[in-house]
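Note sheet for the following structure.
The values are calculated or read from the model by the stated rules, or taken from the named source; none is laboratory data. Since the model is a prediction, treat every value here as computed from it, not as a measurement. Positions of Cβ are generated from backbone atoms using ideal geometry, with glycine treated the same way; all protein chains shown enter the neighbour counts. Note: areas computed on protein heavy atoms with side chains; ligands, DNA, RNA excluded. Shrake-Rupley method; radii C 1.70, N 1.55, O 1.52, S 1.80 Å.
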Amino acid sequence: MTQMEKAMAYLDQYQGEMMGLWENLVRLESPSSDPAAVDKLASHLDTYCRALGMETEKFRPEGAGTCLAAQTASGDLSPVLLLGHIDTVHPVGSFPGGAWTVKDDGFVYGPGAHDCKGGLVIALYAIRALQHAGFDRRQLRLAVVSDEETGHALSQMQSVDFLRRHAEGCGAAFTFESGLMSGDIVTRRKGAVVFKLTVDGIASHCGTAPEKGANAIREAAKKIVAIEDLTDLDRVICNCGKISGGTSVNTIPAKCVVDVCFRFHSNQDREATIAKIQDICGKVETPKTHCTLGTFTGFPAMEEISGTAELVKVYQDASEALDLPRPGTVGTAGCSDSAYTTSMGIPTLCAVGVRGEGQHSPNEHADPASLVTQAKRLAASILTLPETF
């Protein structure tokens, strides 16, 4: 048997075990905001990877759960990165019907079943199948972070540093985020930046001493209008989504805080928009007020780079060779860690995880029939990856 035949036969043989692991991972609920729960899942995966003979590393950033990396032995060619996250958005015990349910429609329902614990199973069993087939031309690296759902805010971007370190030198990356029901893969994603705008003024009684005050809300309102006016629906969307300030209706407000988000298609637009926002906030229109910008956090845009089209073709050809539908490519507004690998110059395919819908909702569900087929696509793509990667 060829390595391809051995790998595909292995995945067929262990379909039941794959479902069992998927159920175990989903039942180990792991919301971003519960680091202890994330730690438990990371330890479970660490034990699993070490049982496969992989070298592992755990990293516990302050404020977030444990990140995990695992790798096989080095090969002659550039490593391949399998990328995902172990955190979810649903608080423990809050998912309707319980943590794991297979309903009459045949779909699996549960917190993270689609986003992206089914993808974790796909990555692990692709590694197992390739090991069984004797594949050793490339090191296989698995990297899973613990606070992706918060935009890495809990770890203050330390988890991104961990991700980047383990992505260094890789020739290609596959991100096992939620797969689309259409079967298409994602090669482009909008980026997002979140920050706080704080305006400080001077409190004073609005009736007896208005001339002594400086209205922070008034100045913030001017900034909000100017920032929102940066919106260009084809390139950048700015949203001032939350505002708080003031102490009483008869007191000139001394402080106002605005939470702002903007989305963008290209990282060039990101830098240009940040520069414009800094310029807006550097100009004082209400005397005696002062504006401060908080840290810009969020995701860069996932852009198509040199090598993306060739990697897409590898995945499409591998699918076709397995008599599976040839997937198309799409862009999406949702963010993912694929943006960090493409920004490092690593061709990346995103949303190669289990197919489903409803992520981040009480209706999150995934198709069990896609678990093995997606693992086969991934394993076959790695086996046929040209030496140019």
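Table for the structure above
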{"item": "Sequence of 52, 140 when ordered by accessible area, the most exposed leading, probe 1.4 angstrom", "result": "52, 140"}
{"item": "Distant-in-sequence amide H partners of residue 355 (H built 1.01 Å from N, under 5 Å)", "result": "179, 367, 370"}
{"item": "Lys pairs under 18 Å by Cα in the range 145-246, provided they are eight or more residues apart or on distinct chains", "result": "5"}
{"item": "Residues in the range 89-118 reached by a label modelled at residue 357 [backbone nitrogen below 18 Å; 7 Å Cα→Cβ]", "result": "102-115"}
{"item": "Length released on extending from residue 218 to residue 62, taking residue separation times 0.36 nm less the Cα-Cα span", "result": "52.4 nm"}
{"item": "Segment residue 326-residue 104, extension gain: residue separation times 0.36 nm, minus the distance between their alpha carbons", "result": "77.0 nm"}
{"item": "Quotient of C-alpha Rg and 2.2 N^0.38 Å, computed over the chain", "result": "1.12"}
{"item": "Partner lysines for residue 6 [C-alpha distance under 16 Å; skip if fewer than 8 residues away on the same chain]", "result": "376"}
{"item": "Amide H partners (placed H, <5 Å) of residue 88, local residues excluded", "result": "30, 32"}
{"item": "Cα extents of the range 28-156 along the three principal axes, largest first (Å)", "result": "47, 41, 23"}
{"item": "The range 121-168: translational diffusion in µm²/s, Stokes-Einstein, Kirkwood Rh over Cα pairs, 4 °C, 1.567 mPa s", "result": "104 µm²/s"}
{"item": "Probe 1.4 Å - accessible area at residue 387, Å² to nearest ten", "result": "150 Å²"}
{"item": "Positive-pole candidate from 75, 24, 63, dipole of the range 4-80, charges at beta carbon", "result": "63"}
{"item": "Counting DSSP beta bridges with both ends in the chain, the antiparallel % (nearest 5)", "result": "70 percent"}
{"item": "Between 0 and 90°, nearest 10: helix 118-132 axis offset from the chain longest Cα axis", "result": "30 degrees"}
{"item": "Rounded percent of accessible protein surface that carbon and sulfur make up, the chain, 1.4 Å probe", "result": "50 percent"}
